[in-house]
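Written below as structure tokens is the structure these notes are about.
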Amino acid sequence: MKRIYMDHSATTPVAPEVLQAMLPYFSERFGNGSSLHSFGLEAREAIEDAREKVAGLINAEPSEIYFTSGGTESDNLALKGIALKNRKKGRHIITSSFEHPAILEVCKALTKMDCDVTYLPVTREGLVEPEAVKEAIRPDTILISIMHANNEIGTIEPLQEIGQIAKEKGIYFHSDGVQSVGKVPVDVKALGLDALSLSGHKLYGPKGIGALFVRKGVKIESIMQGGGHEQGLRSGTENVPGIVGLGRAADLAKETMIDEAKRLTALRDSLEEMVLGRIDESWLNGHPTKRLPSNLNFGFRYIEGESLILLLDAKGIAASTGSACSSKKLAASHVLMAIGLKPEECHGSLRITLGRSNTKEDIDFVSQSIEESVSRLRKMSALGPR
Ligand code: PLP
């Protein structure tokens, strides 16, 4: 059976070019980037070369890139690092209610450390309104953190407008760019960002590596103490193969992004049209146009998303659902709840995220499989019409 992977927002395969670039750094070029001998220098050169490549992808300076273990750590470092360092200035943080847990859970932890967090609502299409950001600002606001693209529904946020507001008020502006970097152009200067998180495994790089962009001059404190690596901001011997892989992945993304985004947008739109055209009581979650080229998030009335995932998996198709099984009870997705769906509507969601391996043939097969599976589940369902 042919397997079709359409869950690229969960993770991506390591690109062959990335793997090739990484391999020597597991074996003959195994040096520690802090060592003074030739093995160390070889590793150091590779780290600095990768730093330039990552900076090049987001229009930053290489010295503004700090390698971390991934998106989660970058988000932790940005929020905790800025909040702790700027405590004397204020303790108020603004974010949105539909961020990834790597932001929301950090905010919860910061609340226990005497920070005050405002969670902004989002529109039905998943947009944070710049006006709402403006209204939430207080004299003690030190940080605004709004994700660039939502991981479930793919809506792309108006960062440039929010960045402008933050700049006018002298407030730091961070974005979780884990889902957008490598998929759509991200320019930290144009967006007015002071900090940006990104992750290797979402852009055809390896897992366990990521980076945080921190604009020069931003006051931020280390949350990992140790040997003072990464200009003292993130201690720990550098993951050289991972860093090399992230650098190569960033370069590849830069080369291919525009063409790939066009190709995926065409595939995405044709799948959307087929699914919504053929299945009754179905809808698209997220913004119709301001969305990632790779993302579709469907809602189907009268079905459970988990059952749909299992039926699709049996046909070789890997996708995901917005609702997650947590602590033995089915919890509705906080993202879908935030855009105003009812709990029963959240449970019938299907997230398809396209990527480099997907073709027009895949789209035809997947749309047909979704149609068959939804119809089968509705026939079995006690929830609604058969
Ligand atoms: N932020 C967003 C928006 C994500 O989608 C993810 C991963 O799904 C993360 C952060 C966490 O990234 P990582 O898996 O690299 O820790």
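Quick check on my filter: what residues within region 195-226 are crowded, with 24+ Cβ neighbours inside 10 Å, outside any strand (DSSP E or B) and among the small types (Gly, Ala, Ser)? The answer is GLY200, GLY205.
Residues in region 31-62 that are farther than 23 Å from PRO185 by Cα and either small (Gly, Ala, Ser) or in contact (Cβ under 8 Å) with a residue 60 or more places away in the chain (or both): GLY31, ASN32, GLY33, SER34, SER35, SER38, GLY40, ALA43, ALA46, ILE47.
Screening LYS207 against (1) within 15 Å of the ligand (Cβ to nearest atom); (2) more than 22 Å from ASN295 (Cβ to Cβ) leaves a single unmet condition, (2).
Evaluate the following for VAL106: is it crowded, with 16+ Cβ neighbours inside 10 Å, within 29 Å of GLY322 (Cβ to Cβ), in the same structural domain as LYS216 (by TED's automatic domain parsing) and within 16 Å of the ligand (Cβ to nearest atom)? Answer is yes for this residue.
Report, by residue number, each residue of region 227-268 that is open to solvent by 60 Å² or more (accessible area, probe 1.4 Å) and part of a helix (DSSP H, G or I). GLN231, ARG248, LYS254, GLU255, ILE258, ASP259, LYS262, ARG263, ALA266 - these are the residues of region 227-268 that are open to solvent by 60 Å² or more (accessible area, probe 1.4 Å) and part of a helix (DSSP H, G or I).
Among residues belonging to region 37-67 that are more than 18 Å from LYS254 (Cβ to Cβ) and charged (D, E, K, R), point out the one that is most open to solvent (accessible area, probe 1.4 Å). Across region 37-67, the extreme among qualifying residues is GLU45. Considering every residue within region 27-36, establish whether at least one is surrounded by fewer than 16 Cβ atoms within 10 Å (Cβ to Cβ), closer than 30 Å to SER333 by Cβ and of a type outside the set (Phe, Trp, Tyr). Scanning region 27-36 turns up no residue that is surrounded by fewer than 16 Cβ atoms within 10 Å (Cβ to Cβ), closer than 30 Å to SER333 by Cβ and of a type outside the set (Phe, Trp, Tyr). Evaluating SER38 against the criteria (1) within 18 Å of the chain's Cα centre (by Cα); (2) more than 30 Å from LEU311 (Cα to Cα) leaves one unmet condition, (1).
Among residues of region 130-172 being assigned to a loop (DSSP other than H, G, I, E, B) and farther than 26 Å from GLU272 by Cα, the one that is farthest from the ligand (Cβ to nearest atom) is PRO139. Starting from residues that are out of contact with any strand residue (DSSP E or B) (no Cβ under 6 Å at 6 or more places or on another chain) and within 16 Å of the ligand (Cβ to nearest atom), keep the ones in region 82-99 and report whichever is farthest from GLU230 (Cα to Cα). Only one residue tops the list, namely PHE98. Report, by residue number, each residue of region 173-204 that is away from the ligand (no atom under 16 Å from the Cβ), at positive phi and of a type outside the set (Gly, Ala, Ser). None - no residue of region 173-204 is away from the ligand (no atom under 16 Å from the Cβ), at positive phi and of a type outside the set (Gly, Ala, Ser), so the list stays empty. Residues in region 63-75 that are within 16 Å of the ligand (Cβ to nearest atom), assigned to a helix (DSSP H, G or I) and farther than 24 Å from GLY126 by Cβ: GLU73 only.
The values are calculated or read from the model by the stated rules, or taken from the named source; none is laboratory data. As the structure is a prediction and not an experimental result, all values here were calculated from the model. Note that each Cβ is placed from the backbone with ideal geometry, even for glycine, and that neighbours are counted across all protein chains shown. Remember, those area values only see protein heavy atoms, side chains included, never the ligands or the DNA or RNA. Shrake-Rupley method; radii C 1.70, N 1.55, O 1.52, S 1.80 Å.
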